[in-house]
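**Q** Take this structure first; my questions come after.
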Amino acid sequence: MWRWLVLALGAIVIVVFGFSLIDSNGGSTVSATTQFAGVLADTTGYTRAIEPRTWEFPTDFGAHPGFQTEWWYYTGNVRTDDGRRFGYQFTIFRRAIQPPDETVTSSSEWRSNQIYMAHFAVSDIGGGQYYHVQRFSRGAAGLAGAVADPLYHVWIEDWQIKADDEAADRTTITADAGQFAINLALEQVKPPALQGDNGLSPKSAEVGNASYYYSLTRLLTTGSIRIGDQTLSVSGTTWKDHEFSTSALGITAQGWDWFGLQLDDNRELMLGQIRLQDGSREPAFGGLLVNADGSTRYLKSSDFTFEVTDTWQSPHNGATYPAGWNITIDTGDPQPLNITLTPLLADQELHGSGNVDYWEGAVAISGDQTGYGYAELTGYVQAMTGRF
């Protein structure tokens, strides 16, 4: 779903202090001077998500720099032939630090108004270990970027998502964090599922507090995961979210619970709730059911309910997260769908990044249907108000 983005302070550190001087141009000289245009709290000059848009794929797989924030988010559940299970998250975020129509004269190849950040995590379920790391870069000198022409390609240095064909039906994700790494091939088997109203996903009743949002809810996945010096062949499925927006959340949002679920009957569910500061639930945001044939059914917030069945306290910051759910969904069938979600590993918290701690991890589905998915839980350590 929507993801928290780079804080202003983090952006200042990145732009002012810069990065290692990596020559991405095969040995050519790259000059650099430090200039900082500032991180704007004001959203004037950026495009807002106001009304449904006309989508063009694969063009819309690329960047939308008129919007202040954007992210490409992949989560997957995979396993080895002998049943050892893993979850993974790989997300690249883009944050503009000035509107695209504001120009600053500079001769430096390093100058950019775009900052990129990546989160990379692997859950080794059988080994009981969770690995996570983040990386920052700037959209200049070839260090980071997102394009759809000639091929879909999103990268931050040598971590990347890259299409293998013009339609981007087949993509590859490669990321190496030293202690752990992935090299995964993804195959699209369903068309993009447009969230909300033809891809316009409201986050509050205020006009413009919305994102443009589509999902690829079932990507067949094969490849390898490396933990330490052990490389394992794996297969399974991946979920992709791509969103872009400017100032999406309402001012009373505390955080959110989001679930991307892949059922064994070849259907998928996106379910989410924005938790408000007074403890209530934002009614503007709902969910989506993707049928086996790729057709979709919008779910209003009143079409599904969550019952927390367990909690987990973080040893890293003391926060208490929900750690199990009974969910009832009105899918339009005569009987509601009742499922239970259980984390595959208790500690799947991205913590200690210096920004926002949050829980993002693999879950198992049981009840009326079985399967696997991912959950994202924010606002349990720090409120998300004013951060996105």
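**Q** Are any of the residues in segment 248-262 farther than 25 Å from residue 368 by Cβ and polar (S, T, N, Q)?
**A** yes
**Q** Could you give me the residue pairs with C-beta distances under 9 Å whose first residue belongs to segment 229-250 and is without any contact (Cβ under 8 Å) to a residue 60 or more places away in the chain and on the phi < 0 side of the Ramachandran plot, whose second residue is surrounded by fewer than 18 Cβ atoms within 10 Å (Cβ to Cβ) and of a type in the set (Ser, Thr, Tyr) wherever it lies, and which are 6+ apart or on separate chains?
**A** That search, which allows pairs on different chains as well, returns 231/224; 250/385.
**Q** Specify which of the listed residues (297, 267, 275) is farther than 24 Å from residue 67 by Cβ and at pLDDT below 95.
**A** Values: 297 fails: at pLDDT below 95; 267 fails: at pLDDT below 95.
The match here is 275.
**Q** Additional query: How about segment 352-365: which of its residues are crowded, with 17+ Cβ neighbours inside 10 Å and of a type outside the set (Ser, Thr, Tyr)? Show your work before the answer.
**A** Residues of segment 352-365 crowded, with 17+ Cβ neighbours inside 10 Å: 355-363, 365.
Once the filter is applied, which keeps residues that are crowded, with 17+ Cβ neighbours inside 10 Å and of a type outside the set (Ser, Thr, Tyr), segment 352-365 yields 355, 356, 357, 359, 360, 361, 362, 363, 365.
**Q** Further question: How many of the residues in segment 145-163 are without any contact (Cβ under 8 Å) to a residue 40 or more places away in the chain and either buried (at least 18 other Cβ atoms within 10 Å of the Cβ) or among the hydroxyl-bearing types (Ser, Thr, Tyr) (or both)? Steps first, please.
**A** Here is the first cut: in segment 145-163, the residues without any contact (Cβ under 8 Å) to a residue 40 or more places away in the chain are 150-151, 153, 158, 160, 162.
Restricting the remaining residues to those that are either buried (at least 18 other Cβ atoms within 10 Å of the Cβ) or among the hydroxyl-bearing types (Ser, Thr, Tyr) (or both) gives 153, 160.
Count: 2.
**Q** Does residue 123 fit the bill of being outside any strand (DSSP E or B), in contact (Cβ under 8 Å) with a residue 12 or more places away in the chain, buried (at least 20 other Cβ atoms within 10 Å of the Cβ) and not basic (Lys, Arg)?
**A** Values: outside any strand (DSSP E or B): no; in contact (Cβ under 8 Å) with a residue 12 or more places away in the chain: yes; buried (at least 20 other Cβ atoms within 10 Å of the Cβ): yes; not basic (Lys, Arg): yes.
Answer is no for this residue.
**Q** For segment 212-219, check the following and say yes or no: at least one residue is within 17 Å of residue 294 (Cα to Cα), out of contact with any helix residue (DSSP H, G or I) (no Cβ under 7 Å at 6 or more places or on another chain) and among the β-branched types (Val, Ile, Thr). Write out each step before concluding.
**A** Initially, segment 212-219 is screened for residues within 17 Å of residue 294 (Cα to Cα), giving 213-219.
Still in the running and out of contact with any helix residue (DSSP H, G or I) (no Cβ under 7 Å at 6 or more places or on another chain): 213-219.
Keeping just the survivors that are among the β-branched types (Val, Ile, Thr) gives 217.
Within segment 212-219, one or more residues are within 17 Å of residue 294 (Cα to Cα), out of contact with any helix residue (DSSP H, G or I) (no Cβ under 7 Å at 6 or more places or on another chain) and among the β-branched types (Val, Ile, Thr).
**Q** Cβ-Cβ distance below 6 Å, separation of 6 or more or different chains: which pairs start in segment 166-183 with a residue that is closer than 14 Å to residue 148 by Cα and end on one that is among the small types (Gly, Ala, Ser)?
**A** 171/163
**Q** Take residue 259 and decide whether it is over 29 Å from residue 326 (Cβ atoms) and either in contact with a helix residue (DSSP H, G or I) (Cβ under 6 Å, 6 or more places away or on another chain) or surrounded by 22 or more Cβ atoms within 10 Å (Cβ to Cβ) (or both).
**A** On the way: over 29 Å from residue 326 (Cβ atoms): no; either in contact with a helix residue (DSSP H, G or I) (Cβ under 6 Å, 6 or more places away or on another chain) or surrounded by 22 or more Cβ atoms within 10 Å (Cβ to Cβ) (or both): yes.
So residue 259 does not fit the description; no.
**Q** Taking the condition modelled with pLDDT under 95 and within 17 Å of residue 73 (Cα to Cα), does residue 211 pass?
**A** Details: modelled with pLDDT under 95: yes; within 17 Å of residue 73 (Cα to Cα): yes.
Taking the combined requirement at face value, the residue satisfies it.
**Q** Another question about this same structure. Scan segment 36-57 residue by residue and report those that are of a type in the set (Val, Ile, Thr), at pLDDT below 95 and closer than 18 Å to residue 201 by Cα. Before the answer, list the steps.
**A** Keep residues of segment 36-57 that are of a type in the set (Val, Ile, Thr), which gives 39, 43-44, 47, 50, 54.
Filter again for at pLDDT below 95, leaving 39, 43-44, 47, 50.
Within segment 36-57, 47, 50 qualify.
**Q** Considering each residue of segment 164-179, count those that are of a type outside the set (D, E, K, R) and surrounded by fewer than 21 Cβ atoms within 10 Å (Cβ to Cβ), and give that number. I'd like the intermediate steps shown before the answer.
**A** Keep residues of segment 164-179 that are of a type outside the set (D, E, K, R), which gives 167-168, 171-175, 177-179.
From what is left, the residues that are surrounded by fewer than 21 Cβ atoms within 10 Å (Cβ to Cβ) are 167, 172, 174, 177-179.
Residues flagged as of a type outside the set (D, E, K, R) and surrounded by fewer than 21 Cβ atoms within 10 Å (Cβ to Cβ) within segment 164-179 amount to 6.
**Q** For segment 254-270, how many residues meet the condition of being polar (S, T, N, Q) and in contact with a strand residue (DSSP E or B) (Cβ under 6 Å, 6 or more places away or on another chain)?
**A** If we filter segment 254-270 for residues that are polar (S, T, N, Q), which is where we start, we get 254, 262, 266.
Then drop every residue that is not in contact with a strand residue (DSSP E or B) (Cβ under 6 Å, 6 or more places away or on another chain), which leaves 254, 262.
Counting residues in segment 254-270 that are polar (S, T, N, Q) and in contact with a strand residue (DSSP E or B) (Cβ under 6 Å, 6 or more places away or on another chain) gives 2.
The values are calculated or read from the model by the stated rules, or taken from the named source; none is laboratory data. Note that the structure is predicted; figures quoted are calculated from it, not measured. Here the Cβ is made from the backbone with ideal geometry for all residues, glycine too, and neighbour counts use every protein chain on show.
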